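This report concerns only the one structure given below.
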Amino acid sequence: MQLTLRRVAPAFSVVAACLVCPAVARAEGNLTGRASAETSVFQDSNATTVFTPTIAGGVESPTSGWGVNGRYLVDVVSAASPDIVSTASRRWMEVRHAGNIGARYKPGNTGFAINGATSYTPDYLSFSGGGTFTQDLDEKNLTLSASYGLGYDRIGKTGTSFSVFSRDFVYHLMNVGVTRIVNPSLLVSVGLDFQVERGDQSKPYRFIPLFTAADASKIGAGASPDQVANLRQQEKPLEQLPLARERYALTGRLAYRPGKATLRLDERLYADTWSMKSTTTDFRYLMDLGDRITVWPHVRFHYQSAVSFWQLAYVTTGNGDIPKLRTGDRELGQLVNLGTGLGMRWALGARGKQDAWVLSATVDGVYTKFFEALYVTQRLSVLGVVNLEATF
Amino acid sequence: MMHRSLSFGLALLLLAVVSGCSHVHAYERGKLAHPSMAPASLVGPGEEHMYSVHEGATGGDTAGGGGCGCN
């Protein structure tokens, strides 16, 4: 019981802060407070459902340049994917608690921000924190930023305490960015991310089927659990990923507002030391329909190559020679995602204070094509989000 | 090789960003102050979580401020 209280206490602290902050802001008069509640539902064609209620709040002083904020969410995940079915396991359900807090101070051209986050499931504990430095130049026409973050994850197994089984995973995040006002309608940003990961992030539940060379050639993309079970060798080791990874991302962002509509275009180029390369393009066109309503279509494209150790069917001679690196994580294989969606923002506040209450909703669908994976060759996902935000 | 390609790409983009810019005064930033022109990503936490699960890549929430010239 004590342990349970200790786990949920930070979450309650964030919730309390979210509820108290707007009240404090209103009492002070010269502060602005925000509180929001969001609910999202995710469903995919692999029988995975995620329900996520979120609350968030914050206070800022626009004149002094400081602000604090917090967020708390719960992920309720229910899954019965083909991977689970292939191990003769039943549908499982898991609850994840996650929270983050942040503070920023930017009285003039120079600013600092710090943040911390944590998340908990019975088999995964995560902590992270970081800071960002920003500097405005050229009368705020040019902004430079640099940030550093450190994360620590403890990976365990459900039903087994972390003291009996756990793996530590540490990562460092570094980012430098520049934002430039090109003209009164155009803003451009460029950023470079560098992430260093150390530790074993292999899934302790993911078993990898092995095949003889002859049988491996009979395994095609999307092979069924029955086909795999009939051809695989008896030996079925756990996933094993490399213990180190460096990841690089170069991102460009363009925001253009010539009139009553805004075009936003993001492009990310990514590469890492596991030999994965990817390109991601995100496009939104936000149109104002009067003073209160904004609607936007959204399109997202993502393509990635497989990691160097990816194989559809891992081969063994049956003499205990297991491939040193092996994975069944489809998101490490070659894939393409095509996403499209719609969003709406509706300002509900009284005239002159329209943004005091804002209701927004988005629906996004993603089609994924897996080029070389067991059990599944495609996936359809839908995410719906409704958010209500109040400003005091 | 990868480092060199990324550095080259970054240099090219920086060049494109800083060239051809006009000096925009505070009173000319009405459009830039619109919420849809925020320098940070407009992707919400739920959407971001979905992409982090569906995409093997990471990173991209670039930029830490600027735009409307507010604090």
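Bear in mind these aren't lab numbers, they're just calculated from the coordinates by the rules spelled out. Treat the numbers as computed from the prediction; the structure is a model and nothing was measured. No Cβ is skipped: glycine too gets one built from the backbone with ideal geometry, and neighbour counts run over all protein chains shown.
For residue A:369, a cut-off of 23 angstrom between C-alpha atoms picks up these lysines, skipping any fewer than 8 places away in its own chain: A:203, A:218, A:277. Shielding of peptide A:60-66 by partners, expressed as the average count of other chain Cβ atoms within 10 Å per residue Cβ, is 1.
Each of residue A:226 and residue A:338 was given a label point 7 Å from its Cα along the Cα-to-Cβ line. The distance between the two points is 3.1 nm. The Cα atoms of segment A:166-235 cover 64, 34, 19 Å along the three principal axes, with the biggest extent listed first.
Assuming R0 = 45 Å, can you tell me the calculated FRET efficiency for the pair residue A:233 and residue A:39, based on Cβ-Cβ distance, to the nearest 0.05?
On the way: r = 46 Å, r/R0 = 1.02.
Efficiency at R0 = 45 Å is approximately 0.45.
Summary value for segment A:275-353: 37 percent relative contact order, contacts being C-alpha pairs under 8 angstrom separated by 6+ residues. Entry note, chain A: relative contact order of 12 percent, from Cα contacts under 8 Å with a spacing of 6+ residues.
Taking Cα centre as origin and charging only the Cβ of basic (Lys, Arg, +1) and acidic (Asp, Glu, -1) residues, the dipole magnitude of segment A:184-391 rounds to 460 debye.
Relative intensity of segment A:93-142 on a log10 scale, I(q)/I(0) at q = 0.20 Å⁻¹, equals -0.72, per a Debye sum over C-alpha point scatterers of equal strength in the absence of solvent.
Size of the dipole of segment A:236-325 about the Cα centre, Lys and Arg at +1 and Asp and Glu at -1 on the beta carbon, nothing else charged, in debye to 20? It would help to have the intermediate numbers written out before the result.
On the way: 13 positive and 9 negative charges, 51 e Å.
Magnitude of the dipole: close to 240 debye.
For segment A:43-202, a Kirkwood radius taken over Cα pairs fed into Stokes-Einstein (4 °C, viscosity 1.567 mPa s) yields D = 69 µm²/s.
For chain A, the longest principal axis of the alpha carbon atoms and the long axis of helix A:2-28 meet at an angle near 20°. Pairwise alpha-carbon distances in chain A exceed 34 Å for 38% of all pairs.
Label zone (residue A:382, point 7 Å along Cα-to-C-beta; backbone nitrogen cut-off 15 Å) within segment A:278-296: none. Here the simple spin-label model places points 7 Å from the Cα toward Cβ, and for residue A:93 and residue A:146 these points are separated by 4.9 nm. Computed from point charges on the beta carbon alone (+1 for Lys and Arg, -1 for Asp and Glu), the dipole magnitude for chain A about its Cα centre is near 400 Debye.
Spin-label pair residue A:348-residue A:392: with each label point 7 Å from Cα along the Cα-Cβ axis, the two points sit 1.7 nm from one another.
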